[in-house]
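Taking it in order: structure first as structure tokens, then the write-up.
The values are calculated or read from the model by the stated rules, or taken from the named source; none is laboratory data. In this text, all values refer to a predicted model and were calculated from it rather than measured experimentally. Every residue, glycine as well, gets a Cβ built from its backbone with ideal geometry; the counts of neighbours run over all protein chains shown.
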Ligand code: PEP
Ligand code: MN
């Protein structure tokens, strides 16, 4: 966010710019039509502290651009309540979300929920409707799978997050889910965002593969403007240069949203890498840099998974995650 600083008549531009630099603020000198000297405070490495800037010697007034996402700004700094016992975001304990890529069968979903609870997860994940690149790939079991997910979550004391892929299914999903997920591929499907927002639930908003942080924040604003109870950002990797990885995990982006914007942020190392051997180390890195939880894909028998088999953790693979949650107190900037 930029701000414009107006100087007092007796001020020296270099002195004020020096004082701003000492606050970590990047500046440029401007002149307006009446030849007043103004200083543009650009988006620097720190968020602007307008009160501190206004208090500097030589500063007459400070004006800030209006934010393009006022509703998102208003949710900053606090956790989003999910159930009576669970909240996600600043000030709340870091959470583990675990479960299969797709809710393949009732039995699979129950086994996966048992695995998740044993590993210390508080939320079950799993898709009844799967976005797939190929129209011939497994696309989920649809509406029937929603009741499997809800009953498995209840049986193990877990909250439930599941994806809405189409406006058509939002009502059915809102009846069972504690959090509605928006997938990476539909981050900017604005009709879907409106329909999901209107359900009035918390939303887990995955980042588009090629989305900037600014676009991601505005997608969250769409959800909030439509009535979402809160938005939790989920970093799941962005387009990278190296085909050895499915995507590239942008920990800087996740940390910027969590620590600088103070928004609720979850990291999904499973889709970020596409490789189970990297899921635990990247979970550790994400939790260490202060995000509010991780979401991982699991399967009791990964080789049999109908989607994303290479990134699924089995029970043994999931176990080290429990230890991470035992020793990671909240980190602040
Ligand atoms: C998922 O979490 O089930 C999923 C499809 O992930 P993404 O939208 O990040 O690809
Ligand atoms: Mn998946």
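Count of segment 135-161 residues, restricted to those that are within 17 Å of residue 309 (Cβ to Cβ) and within 14 Å of ligand 2 (Cβ to nearest atom), is 4. Only one of the listed residues (174, 189, 198, 145) is within 18 Å of residue 104 (Cα to Cα) and either surrounded by 22 or more Cβ atoms within 10 Å (Cβ to Cβ) or assigned by TED's automatic domain parsing to the domain that holds residue 114 (or both). That residue is 145. Among the residues of this structure, residue 238 does not count as one that is surrounded by 24 or more Cβ atoms within 10 Å (Cβ to Cβ), at negative phi, within 16 Å of ligand 1 (Cβ to nearest atom) and in contact (Cβ under 8 Å) with a residue 24 or more places away in the chain.
The numbered conditions (1) surrounded by fewer than 15 Cβ atoms within 10 Å (Cβ to Cβ); (2) within 21 Å of the chain's Cα centre (by Cα); (3) closer than 30 Å to residue 229 by Cβ are all true for residue 46 except (3). Listed by first and then second residue, the pairs linking a residue in segment 79-103 that is without any contact (Cβ under 8 Å) to a residue 60 or more places away in the chain to a residue that is surrounded by fewer than 20 Cβ atoms within 10 Å (Cβ to Cβ), with Cβ atoms under 7 Å apart and 6 or more places separating them unless they lie on different chains, are 87/79; 87/81. Touching a helix residue (DSSP H, G or I) at 6+ places or on another chain (Cβ under 9 Å), outside any strand (DSSP E or B) and within 12 Å of ligand 1 (Cβ to nearest atom) - does that describe any residue in segment 130-139? There is at least one residue in segment 130-139 that is touching a helix residue (DSSP H, G or I) at 6+ places or on another chain (Cβ under 9 Å), outside any strand (DSSP E or B) and within 12 Å of ligand 1 (Cβ to nearest atom). When segment 74-117 is filtered for residues that are touching a strand residue (DSSP E or B) at 6+ places or on another chain (Cβ under 8 Å) and assigned to a loop (DSSP other than H, G, I, E, B), the ones remaining, listed by number, are 75, 79, 82, 83, 86, 89, 94, 100, 101, 103.
Quick grid of which residues meet (1) assigned to a strand (DSSP E or B); (2) out of contact with any strand residue (DSSP E or B) (no Cβ under 6 Å at 6 or more places or on another chain); (3) at pLDDT below 85; (4) within 25 Å of residue 70 (Cα to Cα):
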site	(1), (2), (3), (4)
4	yes, no, no, yes
10	no, yes, no, no
15	no, yes, no, no
20	no, no, no, no
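Looking across segment 252-275, the residues that are over 11 Å from the mean Cα position of the chain (by Cα) and under 23 Å from residue 125 (Cα atoms) come down to 269, 270, 271, 272, 273, 274, 275. The single residue among 127, 120 that is within 13 Å of ligand 1 (Cβ to nearest atom) and touching a strand residue (DSSP E or B) at 6+ places or on another chain (Cβ under 8 Å) turns out to be 127. Residue under question is residue 168, and the condition is that it be more than 15 Å from the chain's Cα centre (by Cα), assigned by TED's automatic domain parsing to the domain that holds residue 96 and at pLDDT 95 or above; does it hold? Here the answer is yes, as residue 168 does meet what is asked. Suppose the filter is in contact with a strand residue (DSSP E or B) (Cβ under 6 Å, 6 or more places away or on another chain) and modelled with pLDDT of 95 or more; does residue 71 pass it? No; evaluated as a whole, the condition is false for this residue.
For every residue, the table says whether it meets (1) within 16 Å of ligand 1 (Cβ to nearest atom); (2) modelled with pLDDT under 95.
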site	(1), (2)
285	no, no
290	no, no
296	yes, no
299	yes, no
310	yes, no
320	no, yes
324	no, yes
331	no, yes
